[in-house]
Amino acid sequence: MREKAIREFSRLLDIMDELRVKCPWDMKQTNQTLRKLTIEETYELADAIIMDDSDSIKKELGDIMLHVAFYAKIGSESGKFDIGDVLEGINSKLIYRHPHVFGDVNVTRGAREVEENWERLKMTEHSEYKPVLSGVPSSLPATVKANRIQEKVRGVGFDWNTREEIWDKVTEELGELKQEVTSGKKVDIEAELGDLFFTLINAARLYEIDPEAALEKTNRKFISRFNYLEQKTLAQGLSLHEMTLDEMNEIWEEAKQFDRPL
C-alpha cells in the first residue's frame, strides 16, 4: 500500500509538471484563480462526508490532492517553496504537536488533553505572542467559525465545568431573545438571536456534534419532505398556492414516513 501511494503521488507530480507546460488552461492558473475552485472542491468533499459516500469521498480527496500539488507547483516556479517543503513542514508540525506520541509527555485525560496541548504548543511556535483567536480565519462560515472559536478557547481552559451547565445558558439566551422580540427592535433581536445560535453551537460542541453537519442534514431532510409534498400535490392536480396550511401539514406528516438516514 505504501509503495503504491508513493508511486501514484510521484506520478501526480509528473503529470502536474507536464500540464503546466502543455495545457493552456493549467498554464494560466494562479493561486488567486484556483482559490474559488479549491473552496468549491472542499464543499464537495464535505457533502460526500455528510452522505457517508466512500466512493465520492475518494474522488473528492483526489481533487483536493490535485489542488495541493497545483499550489506547490506554482510555489516551486516562483522559487518560494515546493511540495517537499510542504510535506516537511506538516511532518515537523505533527511531530512537535504530538509530544505524547513522539516525545516523553504523558496524556492522562484522553483526547481533550491532546487538544489543549495542541493549542498551547501552537502559541509557543512563534517568537512573539499571538492572540488565542488569531488563527481563526475571518472568511469561515459563521457556524463553522463559532465552533472553531469555542474549540480554541477551550484549549486554554475557558470552558464549562460540565456540559450539562450549557442548558441553563440556552434557557437564559432564549429568554433574552423572547424579551427583545416584544420590544420590536430588529438590531436587538438580531443580537440576541446571534447569542442563542452561538450558545446552541456551544452545546453541540460539548455533546460532540458537528453543528454544521447537523444543520445540513436538517436542510436535506426538509428538502426531501417538501419535494414529497409538492410532488403529491401536483399528482392530485392541486396547487400549493390553493391549499390551506392544514392540508399541506397533513401531507407533510405523511412525508415523514419516508425519511431516510442521512
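The values are calculated or read from the model by the stated rules, or taken from the named source; none is laboratory data. Computed from a predicted model, the values in this text were never measured in an experiment. Neighbour counts run over all protein chains shown; Cβ positions are idealised from the backbone, glycine included.
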>> Is it the case, given these coordinates, that R163 is free of Cβ contacts under 8 Å to residues at least 60 places away in the same chain and loosely packed, with under 15 Cβ neighbours inside 10 Å?
In response: yes
>> Can you tell me which of (1) at pLDDT below 95; (2) of a type in the set (K, R); (3) under 25 Å from L133 (Cβ atoms) is the one K169 doesn't meet?
In response: (1)
> Restricted to region 81-118, and to residues that are surrounded by fewer than 13 Cβ atoms within 10 Å (Cβ to Cβ) and basic (K, R), which residue is nearest to G157 (Cα to Cα)?
Replying inline: R112
> Restricting to region 193-249, what's the tally of residues that are in a helix (DSSP H, G or I), loosely packed, with under 13 Cβ neighbours inside 10 Å and among the acidic types (D, E)?
Replying inline: 2
>> I need a count of the residues in region 75-118 that are in a helix (DSSP H, G or I) and either under 26 Å from the mean Cα position of the chain (by Cα) or not aliphatic (A, V, I, L, M) (or both).
In response: 28
> Of these, E230, E208, which one is acidic (D, E) and under 30 Å from E164 (Cβ atoms)?
Replying inline: E208
> How many of the residues making up region 128-146 are over 16 Å from W118 (Cβ atoms) and not aromatic (F, W, Y)?
Replying inline: 12
> Consider F70 against the criteria (1) exposed (fewer than 14 other Cβ atoms within 10 Å of the Cβ); (2) more than 23 Å from K217 (Cβ to Cβ); (3) of a type outside the set (K, R); (4) modelled with pLDDT of 95 or more: it satisfies all of them except one. Which criterion is unmet?
Replying inline: (1)
> For region 16-56, which residues satisfy the criterion of being β-branched (V, I, T), surrounded by 13 or more Cβ atoms within 10 Å (Cβ to Cβ) and under 27 Å from G84 (Cβ atoms)?
Replying inline: T38, T42
> Are any residues in region 1-14 part of a helix (DSSP H, G or I) and loosely packed, with under 13 Cβ neighbours inside 10 Å, and if so, which ones?
Replying inline: R2, E3, K4, A5, I6, R7, E8, S10, R11, D14
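Would you pick out the residues in region 169-211 that are among the β-branched types (V, I, T) and without any contact (Cβ under 8 Å) to a residue 24 or more places away in the chain?
If the condition is that a residue be among the β-branched types (V, I, T) and without any contact (Cβ under 8 Å) to a residue 24 or more places away in the chain, then T171, V181, T182, V187, I189, I209 are the ones that fit.
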>> I need the full set of residues from region 119-160 which are of a type in the set (D, E, K, R) and either exposed (fewer than 14 other Cβ atoms within 10 Å of the Cβ) or assigned to a helix (DSSP H, G or I) (or both), in order please.
In response: E119, R120, K122, E125, E128, K130, K145, R148, E151, K152, R154
